[in-house]
Amino acid sequence: MLKKYLFVFFVSMVPLIELRAAVPIAIGMNLPVIPSYVVCILGNMLPVPIIFLFARKVLEWGTDKPIIGKFFTFCLEKGHKGGEKLKQKAGRGLFVALLLFVGIPLPGTGAWTGTLAASLLDMDFKSSVFAVLFGVILAGILMGLASAGVFGAFGAVF
């Protein structure tokens, strides 16, 4: 049983798939729903502080390097431009925008991307982590419901 929980924990840490894949895997392994959900959230949130504190610094460090410099510069410029547009549109609702961005269970909209975006947007650490945490919780609920067939049953009824 511990091996299954560890597997789900590590899957939830993988970029791009994160908790979105870990929750259905846990349900497919017949693990108890609530404990596996908590394990998935913990695994998904573990890299968040590290990403927030160091990803931008790594990108800035790599801008003048011969092989990776152009790509890192592109990432920083693209993130800055997109962040400014989002700040103008969201205004004071930046917390909610980040929460919904992370909470929508689509590839590329998870905790890793959301945390990097928060770092590039110069959001403060505490509000970024809470927005990502609530987004991860929302994504986990949506994936749990989808894995249980709730959306399929809802579609069949209507």
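The values are calculated or read from the model by the stated rules, or taken from the named source; none is laboratory data. Model, not experiment: these values are computed from the prediction. Here the Cβ positions follow ideal geometry from the backbone for every residue, glycine too, while neighbour counts run over all protein chains shown. For the accessible areas, the whole protein counts, side chains as well, though only heavy atoms, and no ligand, DNA or RNA atoms are used. Shrake-Rupley method; radii C 1.70, N 1.55, O 1.52, S 1.80 Å.
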Worksheet item: Hey, which of these cross-link pairs are over 22 Å Cα-Cα: 78/126; 3/126; 57/78; 57/81?
Response: 78/126; 3/126
Worksheet, complete the sentence: If R0 = 30 Å, then residue 146 and residue 92, at their Cβ-Cβ distance, give a FRET efficiency to the nearest 0.05 of 0.45
Discussion item. Among 134, 125, 95, which one shows the highest mean-square fluctuation when the chain is modelled as a Gaussian network with alpha-carbon springs under 10 Å?
Written reply: 125
Discussion item. Suppose R0 equals 25 Å. What FRET efficiency, 1/(1 + (r/R0)^6) with r the Cβ-Cβ distance, do residue 122 and residue 64 give to the nearest 0.05?
Written reply: 0.70
Worksheet entry | Cα-Cα P(r), region 2-156, percent of pairs per 5 Å interval | 2, 10, 18, 19, 17, 13, 10, 7, 3, 1, 0, 0
Item to complete: Could you do me a favour and compute the accessible area per residue for the chain, 1.4 Å probe, result in Å²?
Response: 59 Å²
Discussion item. Given a 1.4 angstrom probe, I'd like the percentage of the accessible area of the chain that is carbon and sulfur, rounded to a whole number.
Written reply: 76 percent
Worksheet entry | Candidates 136, 39, 23: whichever shows maximal mean-square fluctuation once the chain is modelled as a Gaussian network with Cα springs under 10 Å | 39
Item to complete: Working with all protein chains in place, sort 77, 18 by solvent-accessible area computed with a 1.4 Å probe, largest first.
Response: 77, 18
Worksheet, complete the sentence: Mean-square fluctuation maximum in Gaussian network of the chain, Cα pairs under 10 Å, restricted to 99, 19, 76, hits 76
